[in-house]
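> Please find one structure pasted underneath; my questions will follow.
The values are calculated or read from the model by the stated rules, or taken from the named source; none is laboratory data. Note that this is a predicted model, so its numbers are computed, not measured. Cβ sites come from the backbone with ideal geometry, for glycine too, and all protein chains shown count toward neighbours.
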Amino acid sequence: MDATIYIVEDDNTLCRELARILELQGYEVRSCAAGEFARAAELALEQGADMAIVDLALPDSDGHAICRDIRRSSNMPIMMLTSSTSEFDEVMSINLGADDYVSKPYRPSVLLARVQALLRRANPQLEAGTRLEHGGVVLDIARSQVSYRDETADIGRNEMRILRLLMMHAGRIVTRQDLMCEIWDSDEFIDDNTLTVNVNRLRHTLGSIGVPGGFLITRRGQGYQVLAPRDGE
Amino acid sequence: MQGEEPSRSTEVGDPVCDLTCGSTHASASDSARSSERRWTFAKFLVAHAPAAVISLIAALAVCSMMAAFGCSASEIAIVAIVLAIALAVAVAVQFARTRRYYSQLAEMSELLDEPWLLASMVEQPEQLEARVSYDAIDTICGASARRVAAADRNMEEYRQYVEAWMHEVKVPLAAAQLVAHRIGGMDAAEVNVELEKVGAQLENALYYARMLTLDNDFSVRRVSLLECVKAAVKKNARFLIEHGATPKIDVREDDVVLADPKWLEFVLGQLVVNSAKYGARNVVFSVAGRGATPAQSGPAQAQSRRRTVLVVTDDGDGIAPQDVPRVFERGFTGANGRRQGSSTGMGLYMCARICKETNLSIDLYSEEGSGTRVEIGFPIERDLLESSDVLANSNLSNS
């Protein structure tokens, strides 16, 4: 069963991008239309959301108020998006029942990780967002395992993050820089050489479960890419 | 970086490296204050010497004339004594009438951190000349105080404007970064790097505006040094990666210090970006002198006996020896900055200023061609609680 996330955000681009990232990860996303912010809490519950993401700085109403309203009728996890780095907002958010807050600018991986953590805590049965699939290769993020057909293998944390990013952007080139940023987000501050080592280790693991060599390819001078047999035709 | 560092930037607060912070601490950089009292009886006498001398001459003249008129010795003696007493009383009365006012004036004008309050710290005198000076001082103080209040208000309004504007700008910036992330690929990664730079400049502008109204704006508490370092590094991840600088963090989870986390992150961010900008391959974060334990060796030892010191070492280009003593100066770019062509010279100045306001020490050592080392010293709790300045200005709480 996929989790439904309800986004309350007034900037269109931001809202769209957030939705995209979450959908890519396998979540169902609903968002609040402009002009409806005053009823945001009501709508979130109507839409059967499992979790809400609320922007603190909204034109029609106060993000804190929405948070309070949702909390009044539901126990769903709430994440606040804040722009300020002021403690007051953060403390207020927590006091009003928010479970977590993230400040702009967002790092997609951080946002996803926190969404996942909140959902898992609230509802351990929800599975969405923990598996990615492309070209027959299945990546189980929660267990840090990769499977192909009947074979399964464990992979290390760095390799897992690399494969996840590549699969999220399947069919497109992911730069070395993007990969390194992704890994740095998990507090592993690797250098360029270590990245190469990690990718090679990943390749080796994929090979060991029978994944064809053309799945993960190197784009010289640009980065890496995952392809399924049908891509690129 | 090898053993000896030929150049050392003096600690913030020394005359060579002092900051002119405007407002309340300007007096610290004034010329040396005399500690002796300006208004004493002895000085009063010396000042009124001419009048006293004339009186004495007149008294002598009177006595001589009496002698010429044929008065007896005892008669002359009586007149002399009366004259002497009269003179003494005159001097005493004159001194007493204005002593209170002038001694207060002298003392207060030296003690006050905010000199424009002088008129209200001194009792209004009665005597003519004293009153004239008092009224003049009162006028000046009133005008100054109004000016200072207006300036503070302007600064505060400006800071609020910058905060509001920054929040507005952060929205499209965040959106753009997310779009770039979604697009993926070389070009988008390049765009993301530039966007991160814009974000960094925005942060600088915001922190600069906040720093100008710093008096009440920081909250000191126990923070994890490791978390601050990681946050600062991750915030500037793209910049570091683009420049090929790799951080190595040798800070323990239980390294806890007393500091304001936002400001500390800002300072560390500045240092790390500087290192990357000037050619560092490796930036090492380590801790020396944990609490009471003495550090290994080096000039930091004396200070680290009583404080925890965070050491940021890089293997970059280093700084020219003649530039090192000036690195914390406002607007100083030096040879490096001019070469890079993109330095505002404000980064290290802000770091030094912030450290000073939050009771941290900051020292920079560098050797051209070898690298640079910055040491930030955190007071241990006992020190901090004894410092009434910080208590008055911050919220001390357990994290």
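> Looking at (1) under 30 Å from B:Ser144 (Cα atoms); (2) surrounded by 14 or more Cβ atoms within 10 Å (Cβ to Cβ), which is the one condition that is false for B:Gln94?
(1)
> Restricting to the stretch B:178-189, and then to whatever is at the interface with chain A (Cβ under 7 Å from one of its Cβ atoms) and more than 12 Å from A:Leu18 (Cβ to Cβ), can you tell me which residue is surrounded by the most Cβ atoms within 10 Å (Cβ to Cβ)? Spell out the reasoning first.
Quick first cut of the stretch B:178-189, residues at the interface with chain A (Cβ under 7 Å from one of its Cβ atoms) only: B:178-179, B:181-182, B:184-186, B:189.
Next, only the ones that are more than 12 Å from A:Leu18 (Cβ to Cβ) stay: B:184-186, B:189.
Numbers: B:Gly184: 21, B:Gly185: 19, B:Met186: 17, B:Ala189: 25.
If we take residues in the stretch B:178-189 being at the interface with chain A (Cβ under 7 Å from one of its Cβ atoms) and more than 12 Å from A:Leu18 (Cβ to Cβ), then B:Ala189 is surrounded by the most Cβ atoms within 10 Å (Cβ to Cβ).
> Looking at the stretch B:114-160 only, could you name the residues that are in a helix (DSSP H, G or I), surrounded by fewer than 14 Cβ atoms within 10 Å (Cβ to Cβ) and over 27 Å from the mean Cα position of the chain (by Cα)?
Those that are in a helix (DSSP H, G or I), surrounded by fewer than 14 Cβ atoms within 10 Å (Cβ to Cβ) and over 27 Å from the mean Cα position of the chain (by Cα): B:Leu128, B:Glu129, B:Val132, B:Asp135, B:Ala136, B:Thr139.
> Under 6 Å between Cβ atoms, which residue pairs at least 6 apart in sequence (or on different chains) link something in the stretch A:25-38 that is surrounded by 20 or more Cβ atoms within 10 Å (Cβ to Cβ) with a partner that is in a loop (DSSP other than H, G, I, E, B)?
A:Gln25/A:Gly129; A:Tyr27/A:Ala3; A:Tyr27/A:Ala128; A:Tyr27/A:Gly129; A:Phe37/A:Leu58; A:Phe37/A:Asp60; A:Phe37/A:Ser61
> On to the next question. Looking at A:Arg107, is it among the charged types (D, E, K, R), under 24 Å from A:Leu206 (Cα atoms), within 14 Å of chain B (Cβ to nearest Cβ) and surrounded by 18 or more Cβ atoms within 10 Å (Cβ to Cβ)?
No: the conditions fail for A:Arg107.
> I'd like to check something: does the stretch B:80-102 contain any residue that is closer than 19 Å to B:Ala130 by Cα, out of contact with any Lys or Arg (no Cβ under 8 Å at 6 or more places or on another chain) and not in a helix (DSSP H, G or I)? If you could, list the steps in order and put the result at the bottom.
Within the stretch B:80-102, the subset closer than 19 Å to B:Ala130 by Cα is B:90-102.
If we keep only those that are out of contact with any Lys or Arg (no Cβ under 8 Å at 6 or more places or on another chain) as well, we get B:90-102.
Filter once more, so that each one left must be not in a helix (DSSP H, G or I): none.
No: the stretch B:80-102 contains no residue that is closer than 19 Å to B:Ala130 by Cα, out of contact with any Lys or Arg (no Cβ under 8 Å at 6 or more places or on another chain) and not in a helix (DSSP H, G or I).
> On the given criteria, is B:Lys197 over 29 Å from the mean Cα position of the chain (by Cα) and either touching a residue at least 24 places away in the same chain (Cβ under 8 Å) or within 10 Å of another protein chain (Cβ to nearest Cβ) (or both)?
Answer is yes for this residue.
> Among the residues of the stretch B:275-283, are any away from every other protein chain (no Cβ under 12 Å), surrounded by 21 or more Cβ atoms within 10 Å (Cβ to Cβ) and out of contact with any strand residue (DSSP E or B) (no Cβ under 6 Å at 6 or more places or on another chain)?
yes
> Inside the stretch A:167-178, can you point out the residues that are assigned to a helix (DSSP H, G or I) and facing chain B (nearest Cβ under 10 Å)? Don't jump to the end; show me each part of the working.
So in the stretch A:167-178, the residues assigned to a helix (DSSP H, G or I) come out as A:167-168, A:176-178.
Result: A:Met168, A:Arg176, A:Gln177, A:Asp178.
> Which numbered condition in (1) within 14 Å of another protein chain (Cβ to nearest Cβ); (2) of a type outside the set (S, T, N, Q); (3) surrounded by fewer than 19 Cβ atoms within 10 Å (Cβ to Cβ) is the only one that A:Leu18 fails?
Status for A:Leu18: all satisfied but (3).
> On to the next question. Please name all residue pairs, on different chains or six or more residues apart, with Cβ atoms under 9 Å, provided the first residue is in the stretch B:236-265 and is more than 9 Å from chain A (Cβ to nearest Cβ) and among the aromatic types (Phe, Trp, Tyr) and the second residue is buried (at least 19 other Cβ atoms within 10 Å of the Cβ) and not in a helix (DSSP H, G or I).
Note: pairs meeting the criteria are B:Phe239/B:Ala245; B:Trp263/B:Phe218; B:Trp263/B:Thr358.
> Please name all residue pairs, on different chains or six or more residues apart, with Cβ atoms under 8 Å, provided the first residue is in the stretch A:183-196 and is facing chain B (nearest Cβ under 7 Å) and the second residue is in a loop (DSSP other than H, G, I, E, B) and aliphatic (A, V, I, L, M).
A:Trp184/A:Ile190
> Somewhere in the stretch A:207-216, is a residue modelled with pLDDT of 90 or more and within 28 Å of B:Pro247 (Cα to Cα)?
No.
> Okay, moving on. Scan the stretch B:216-248 for residues that are among the charged types (D, E, K, R) and assigned to a helix (DSSP H, G or I) and jot them down.
Of all residues in the stretch B:216-248, those among the charged types (D, E, K, R) come to B:217, B:221-222, B:227, B:230, B:234-235, B:238, B:242, B:248.
B:Glu227, B:Lys230, B:Lys234, B:Lys235, B:Arg238, B:Glu242 - these are the residues of the stretch B:216-248 that are among the charged types (D, E, K, R) and assigned to a helix (DSSP H, G or I).
> Criterion first (in contact (Cβ under 8 Å) with a residue 24 or more places away in the chain, β-branched (Val, Ile, Thr) and more than 10 Å from chain A (Cβ to nearest Cβ)) does B:Val220 satisfy it?
Yes: the conditions hold for B:Val220.
> State whether the residues of the stretch A:212-220 include one that is touching a residue at least 60 places away in the same chain (Cβ under 8 Å), within 14 Å of chain B (Cβ to nearest Cβ) and not in a helix (DSSP H, G or I).
No, the stretch A:212-220 contains no residue that is touching a residue at least 60 places away in the same chain (Cβ under 8 Å), within 14 Å of chain B (Cβ to nearest Cβ) and not in a helix (DSSP H, G or I).
> Just give me the residues in the stretch B:224-235 being modelled with pLDDT of 90 or more and more than 7 Å from every other protein chain (Cβ to nearest Cβ), in sequence order.
Correct list: B:Ser224, B:Leu225, B:Leu226, B:Glu227, B:Cys228, B:Val229, B:Ala231, B:Ala232.
> Next question. Considering A:Asp154, A:Asp150, A:Asp191, which residue is of a type in the set (D, E, K, R) and either touching a Pro at 6+ places or on another chain (Cβ under 9 Å) or closer than 27 Å to B:Val284 by Cβ (or both)?
A:Asp191
> Another one. Among the helices (runs of 4 or more DSSP H) lying completely within the stretch A:1-77, list those that include at least 3 residues that are touching a helix residue (DSSP H, G or I) at 6+ places or on another chain (Cβ under 8 Å) and over 21 Å from A:Leu112 (Cα atoms).
Those helices (runs of 4 or more DSSP H) span A:40-46, A:63-73.
> Filter the stretch B:171-215 for residues that are at negative phi and outside any helix (DSSP H, G or I) and give the result. I'd like the intermediate steps shown before the answer.
Step one: list which residues in the stretch B:171-215 are at negative phi, which gives B:171-183, B:186-215.
B:Thr213 - this is the single residue of the stretch B:171-215 that is at negative phi and outside any helix (DSSP H, G or I).
> Of B:Glu123, B:Glu156, which residue is more than 30 Å from A:His169 (Cβ to Cβ) and touching a residue at least 24 places away in the same chain (Cβ under 8 Å)?
Details: B:Glu123 fails: touching a residue at least 24 places away in the same chain (Cβ under 8 Å).
Exactly one of B:Glu123, B:Glu156 is more than 30 Å from A:His169 (Cβ to Cβ) and touching a residue at least 24 places away in the same chain (Cβ under 8 Å), namely B:Glu156.
> Are any of the residues in the stretch A:222-230 under 30 Å from B:Glu227 (Cα atoms) and either outside any loop (DSSP other than H, G, I, E, B) or within 11 Å of chain B (Cβ to nearest Cβ) (or both)?
Within the stretch A:222-230, not a single residue is under 30 Å from B:Glu227 (Cα atoms) and either outside any loop (DSSP other than H, G, I, E, B) or within 11 Å of chain B (Cβ to nearest Cβ) (or both).
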